[in-house]
1. Can you find a residue that is open to solvent by 70 Å² or more (accessible area, probe 1.4 Å) and modelled with pLDDT under 80 anywhere in segment 290-307?
2. Being surrounded by 16 or more Cβ atoms within 10 Å (Cβ to Cβ) and within 29 Å of Ile87 (Cβ to Cβ) narrows it down to one of Gln431, Gln426, so name that one.
3. How many residues, within segment 101-152, are closer than 25 Å to Arg425 by Cα and more than 23 Å from the chain's Cα centre (by Cα)?
4. Would you mind stating whether Ser253 is closer than 26 Å to Gln392 by Cα, hydroxyl-bearing (Ser, Thr, Tyr) and in a helix (DSSP H, G or I)?
5. With the checklist (1) at pLDDT 65 or above; (2) outside any helix (DSSP H, G or I); (3) closer than 23 Å to Leu454 by Cα in hand, flag the one item Gln61 doesn't pass.
6. What is the residue count in segment 265-274 for residues that are among the aliphatic types (A, V, I, L, M), surrounded by 12 or more Cβ atoms within 10 Å (Cβ to Cβ) and either in a loop (DSSP other than H, G, I, E, B) or free of Cβ contacts under 8 Å to residues at least 60 places away in the same chain (or both)?
7. Which of the residues belonging to segment 185-206 are open to solvent by 50 Å² or more (accessible area, probe 1.4 Å), of a type in the set (D, E, K, R) and within 26 Å of the chain's Cα centre (by Cα)?
8. Does segment 362-371 contain any residue that is in a helix (DSSP H, G or I), in contact (Cβ under 8 Å) with a residue 60 or more places away in the chain and open to solvent by less than 40 Å² (accessible area, probe 1.4 Å)?
Amino acid sequence: MEQSYVYEQEQYEEGITFKKIGYFFKKGWLRMVIYALVLALLTTVIAVPIKVFYKSEPLAQTSIEFIYDGVEEGLAPDGSSLDTNNIISPTVIAAAVESAELSGIITDISALREHMRVEDVESKEYADLVAAAANGDATAINTLRTYENYPTRFTIIISEPKTLGLSDDQAKTLLNKIVSCYYDDFQARFSVNKMFASGIYNLSDNEQTEFFDMYDLYNEMLSSMRTYLKDISAKNPTFVSTKNSTTFNQLLSELTTLESSYDMFNAFITANNVWRDRNIAVNALDVKVKTLKIRVDSQKAKTENLKVQIENFKPNTQQNESVGGSVTVTATYPDSYYDLQEQLTAEYEELRIIQNQYEDAQLRLTNLGEPPEDTGMYPPTDAAFISAALAQIKSLESTSKDLTERVNATVTDFYDTTFISSSVRQVLPPQVTRRSSSLNLLVIYVAAVIAGLLAAALVTGIKISKANSAKAAQENAEQESAEQQPEIVEEQSDVKSQNKTGKK
């Protein structure tokens, strides 16, 4: 490895030249190879055992995947943020331990949970973007700046199951039970079991409740049901419930028929001025009219306030000049502007409903009129009218209850079949393995080789520098010796001349 660096006299050239570089590698290539091989060998001796044995983590793991609409945006089926901690919640783990019949081994659920974690699995799209960005892809780099990565696949891990007293088979069984129990928890958490109360359709049994109050309450509930059915039908207009053999549009059609029947009932009790007890009803109706008037005024003020907010929005304008010289002005509004527009529409609808109720209450109060002056009390309504009204409302209550229960069942079936039942699936069977250190051997080897090359280059450079310095010093000494030689010769000549003169 050691070489003799013999200086050869050459014409001196300033700076780095190809000849100097070639001379450098000629003198140092063998050293570079040897240093690189030595450091690579040291890396093998040191890094490989660390990779294989150091911090190697025994674990049991399985993977699940969410496949419903919205999960790619980090959302749960109900629109809230997806919380993957629920996969290993104490409730799920406790149910899984009991189902796996491991209660005798796992006595502390919190201790088991400390050994568990849920890890994200990067999507292929995100991994490809990162790889492309690492290779200098400008489009991938720009995309990653604003890219929001929401994984859809997650790995459930039990770290060091043997320290918990679990064999490999028991750990696998427990993971399967955790997935199964999480399915149940997921369905219970996000299924819609009951949207509308059906047990409320029994007000006719209370003799103190007026027919008009029944109509108002039932009509309001049916109106809410109509709004909901329209929204859910828009999500999937072709959905057919296997439980009821019906669609949302069919339910809407039945609801329209039922609302018409309620309107006929309202027309009957209004035309015949049917009251169970007018003397009690008049006071309650008077209070209702005043209350509804306050609500109407408040709702009008709310809509006016929203209108002012919308009018005060200043759009962002941008001028674009075309080739012909004409200027086009584009106005854009922030999202909050459109949110206010939607809110105003909803408030106008609420105002319409309240105003209709107010006008109906006024009409009923007018129809009641004043009690006879001689008694100051209202006479009772004809019993035949009360019987007819009671028969009508009871029939409507029965129909309403049946329709509400079918709507609830259809909605539940919709969510179960569309979102819940196929929303989570197990994509990796349980396995027990060891996770070694995350050291990247390729990177370490490359770094070791580079370090060897640099070290060899440094040593070569130092040796060449020393050889050149020694040669330069030798040259200087020879030059000084050459300069001193004529003086010695001259001195010797003078001595000889003096000796000759003396002899004479």
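1. no
2. Gln426
3. 7
4. Yes, satisfied.
5. Result: Gln61 passes all but (3).
6. Matching residues across segment 265-274 total 1.
7. Selection gives Arg189 alone.
8. yes
The values are calculated or read from the model by the stated rules, or taken from the named source; none is laboratory data. Please read these numbers as outputs of a predicted model, since none were measured by experiment. Please note: Cβ atoms are built from the backbone with ideal geometry, for glycine as well, and neighbour counts cover all protein chains shown. Areas reflect the complete protein model, heavy atoms only, side chains present, ligands, DNA and RNA absent. Shrake-Rupley method; radii C 1.70, N 1.55, O 1.52, S 1.80 Å.
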